[in-house]
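Notes follow once the structure below has been shown.
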Amino acid sequence: MLNVVIRSVATILIGVLLITQREAIMPIIVQCIGVAFVLPGIIALLSHFFNNKGAALHKGSSVVLLTSVGSLVFGLWLLLMPSFFVGMLMMLLGGILTLFGIYQIAALVIARRIAPVPLYMYIMPIVLVALGCVVLFNPFGAASMPFLLVGIGAVVGGLSDLVNSIFVEYGRRKKEKADAVVISIDAPLDDR
């Protein structure tokens, strides 16, 4: 029971942290991804240099060298500039959403020349353009939205786990008491 309570409380705390501090958590996650690129890059570089002492570069080793340096540089970039990476990624996605919505609107305008297009067909492309603009002009707010949803899910899941485990524990104890009463009534008089 104690393990369940600890797990539930930890899940709830992580959820609350994701809800209240999601802007602060994004760079930390990007930095963790950066570490995931830096470590293999360093290991591959060290392995390359220690295994190929004095040997001329051959085609396979130059590819390993290039990819390990690339992994190291990209990982360092993520470690040193996480906010820049998050912002650029969200701006790129916002631009893609906006352009896709504009393309759909243009396609519907062209389709009107061939057949009548109901007005409700324009709703989703306009929503795409609006979402793209929101992401373009507020990239960090848009990037934090998934953390909000995960945080809410963690709080709900933690509370549900806690309530369920308390309910099960209460039921188990109630059954044990009922079983103890039945045993004492059915026991012979000399054993009491």
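Met145 - would you say it is crowded, with 16+ Cβ neighbours inside 10 Å and either within 21 Å of the chain's Cα centre (by Cα) or at pLDDT 90 or above (or both)? Let's see the steps before the verdict.
Values: crowded, with 16+ Cβ neighbours inside 10 Å: no; either within 21 Å of the chain's Cα centre (by Cα) or at pLDDT 90 or above (or both): yes.
No: the conditions fail for Met145.
Do the conditions hold for Ile102, that is, is it surrounded by 13 or more Cβ atoms within 10 Å (Cβ to Cβ), part of a helix (DSSP H, G or I) and modelled with pLDDT of 85 or more? Spelling it out, Ile102 is indeed surrounded by 13 or more Cβ atoms within 10 Å (Cβ to Cβ), part of a helix (DSSP H, G or I) and modelled with pLDDT of 85 or more. Evaluate the range 169-177: report whether one residue or more is in a helix (DSSP H, G or I), surrounded by 10 or more Cβ atoms within 10 Å (Cβ to Cβ), touching a helix residue (DSSP H, G or I) at 6+ places or on another chain (Cβ under 7 Å) and modelled with pLDDT under 80. Within the range 169-177, none of the residues are in a helix (DSSP H, G or I), surrounded by 10 or more Cβ atoms within 10 Å (Cβ to Cβ), touching a helix residue (DSSP H, G or I) at 6+ places or on another chain (Cβ under 7 Å) and modelled with pLDDT under 80. Filtering the range 79-92 for residues that are within 30 Å of Leu39 (Cβ to Cβ) and not in a helix (DSSP H, G or I) leaves a non-empty set.
The values are calculated or read from the model by the stated rules, or taken from the named source; none is laboratory data. Fair warning: this is a prediction, and the values are worked out from it, not measured in the lab. Neighbour counts run over all protein chains shown; Cβ positions are idealised from the backbone, glycine included.
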